[in-house]
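What follows is a set of notes on a single structure, which appears directly below.
Quick note: the coordinates plus some simple rules give every number you see, no bench work behind them. Predicted model only: the values in this text are computed from it and were never measured. Cβ: placed from backbone, ideal geometry, glycine included. Neighbour counts: every protein chain shown.
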Amino acid sequence: MAKKTREEIILVVDDSPETLEVLHRSIQLMGFEVFSCESAEEAIKIMEDQHIDLVITDYHMPFVGGLDLIRHVRDNYRNTEVMMITGYASVEGAVEAIKAGAEEYLAKPFTDEELEKAINSSIDKLSSRIAHRTSPAKDISKQYSLLGESAGMTRVTSAIKKAASSSHPVLISGERGTGRELSARIIHYESERAGHPFITINCRAIPESKIESEVFGFILSDGGKKQVEDDGSAGGEENFRPGFLEMAGEGTVFLSEISETPLAVQVKLLSVLANGEFSAAGDKKTRRSSCRIIASSSRDLLEMAGKGLFREDLFFRLNMLSLNLPPLRERDQDILLLCKHYFSKACLEKGQSPVAAFSDRASKALLHYNWAGNIIELEILMRELAGKVSGELIELADLPGSLRNNMAEDKRLDKTLLEVEKDYIKEVLAKFNGNKTRAAELLGIDRKTLRDKLEK
């Protein structure tokens, strides 16, 4: 007997007539209106005349494959969700499908219950996405101080919004200090999991021997002897000490520097990502986790996988959604914006009024600097400046020697002698707040010579 009729309309695409018939009948019994066809070309024609809420497509089909159909739907139909099914299940295939735009991925054979669960999940995500588009747009850049106007940061903001609207694992790559944890927090707090915990685990800071217990929990021994339960687990629940996965509940676990996890821990993480199951350290009992995992690394995980230092299958599971944060030296357009933001923030924290601006020479020094520590290094520098700078303008002389020396080299290589002299006189005058007598003394000239140079 068919269930209550649903409003959503589903299109099923599979080149196997037998599979198509089974899927059509099963989905119809769930209460949906169903269209079906045996090729992507037919599917495209149907969608031109008929609104479709969800497309369920096979992966491998002749001529135009499932991935191409997914891309076509994503490019042309904003209010249609996509789900992929395949008899050639692989992690790489799932990653490809997710990156192309599929929200769900089912490997054959699957039960009617699994199919219905995936369909309902896809439709729920579609409803959320439509509601998000029709609600007033939020500027997450300002809300979370994810500042930047460069092309690289525009891509980052877009990727964060996409990740926040999904439930898949996320892999964030980038150098230290580029904002990986901030990005993970934004994804969590802009997602449906925002009301649940966000837990950060710094895999580099935890001793290798303790990572498994910290992440998955452990069983306390009783006088050095573990009790063995009927199900084969060591100790009862009263002896179980939960790890971060258990504490997160339906929230998010952020694994910072996941490259530092031992291979044995990577195997258990793979199980969590694949089927939501894990066991505590020293225990055989299977437990379940419904948390979302976001991981980050400053190292190239794929390169590590090639050397046997990181599991390739875990990399592909994590990399379903990826976010690459550019280093600060590739964000010239953002550096002064970030300097002014963090300097003003530091001044306000100290109860000071922020100065007006950076001088031309100071600005050039900040732009030309390498910023090996990225945003963290920049923020620390601005805090130091806020503690010692007074006046309305930050000059080159106020900056640390490493930045001034960088400009000195630039001055030797790129400036004419007249330009160097002009800039230096302006710099010295600014240092003494326009006092010509003191400036002339430092320059080793008299006031008249200084006046003549200023007039020139």
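In terms of modelled amide H atoms, which long-range or inter-chain residues lie less than 5 Å from the amide H of ILE9?
Placed amide hydrogens put ASP53, LEU54 under 5 Å from ILE9.
Highest mean first, what order results for 420-429, 104-113 on Cβ atoms within 10 Å?
On the way: 420-429: 16.6, 104-113: 14.0.
My ranking of the peptides, most packed first, is 420-429, 104-113.
To two decimal places, what compactness ratio does the range 328-455 give when its Cα radius of gyration is scaled by 2.2 N^0.38 Å?
This ratio for the range 328-455 stands at 1.13.
From the backbone phi of the range 144-155, what are the Karplus-calculated ³J(HN,Hα) couplings (6.51 cos²θ - 1.76 cosθ + 1.60, θ = phi - 60°) in whole Hz, Gly and Pro given as x?
Per residue, the Karplus-derived 3J(HN,Hα) values read 10, 6, 8, 8, x, 10, 6, 4, x, 6, 5, 5 Hz.
Rounded to whole Å and sorted largest first, what semi-axes of the equivalent ellipsoid does the C-alpha gyration tensor of the range 9-130 yield via the square root of 5 times each eigenvalue?
Equivalent-ellipsoid dimensions as semi-axes: 17, 17, 16 Å.
Counting Lys and Arg as +1 and Asp and Glu as -1, what is the net charge of the other residues whose Cβ lies under 15 Å from the Cβ of PHE278?
Net charge in that neighbourhood comes out at +3.
Any chance you could get the radius of gyration and Dmax over the Cα atoms of the range 309-367, in Å?
Looking at the range 309-367, its Cα Rg and Dmax stand at 18.8, 53 Å.
Restricting the count to DSSP beta bridges whose residues both fall in the chain, what percent are antiparallel, rounded to a multiple of 5?
15
As a footprinting exposure proxy, order ASP446, ASP15 by other Cβ within 10 Å, with the fewest listed first.
Details: ASP446 12, ASP15 17.
The fewest-first ordering by Cβ neighbours comes to ASP446, ASP15.
Where the centre of each part is set by its Cα atoms, how far does the range 8-43 sit from the range 58-75, in angstrom?
Here the answer is 15 Å between Cα centres.
Please list, short to long, the whole-number percent of alpha-carbon pairs of the chain in consecutive 20 angstrom bins beginning at zero.
Taking all Cα pairs of the chain, the binned fractions are 20, 40, 27, 11, 2, 0 percent.
Nearest 500 deg cm²/dmol is fine: what mean residue ellipticity at 222 nm does the chain get from its DSSP H runs of n ≥ 4 alone, each adding -39,500 (n - 2.57), divided by its residue count?
Theoretical 222 nm ellipticity from helices: -14500 deg cm²/dmol.
Using only Cα atoms and rounding to the nearest 10 degrees, what angle (0 to 90) does helix 17-29 make with the longest principal axis of the chain?
The answer is roughly 90 degrees.
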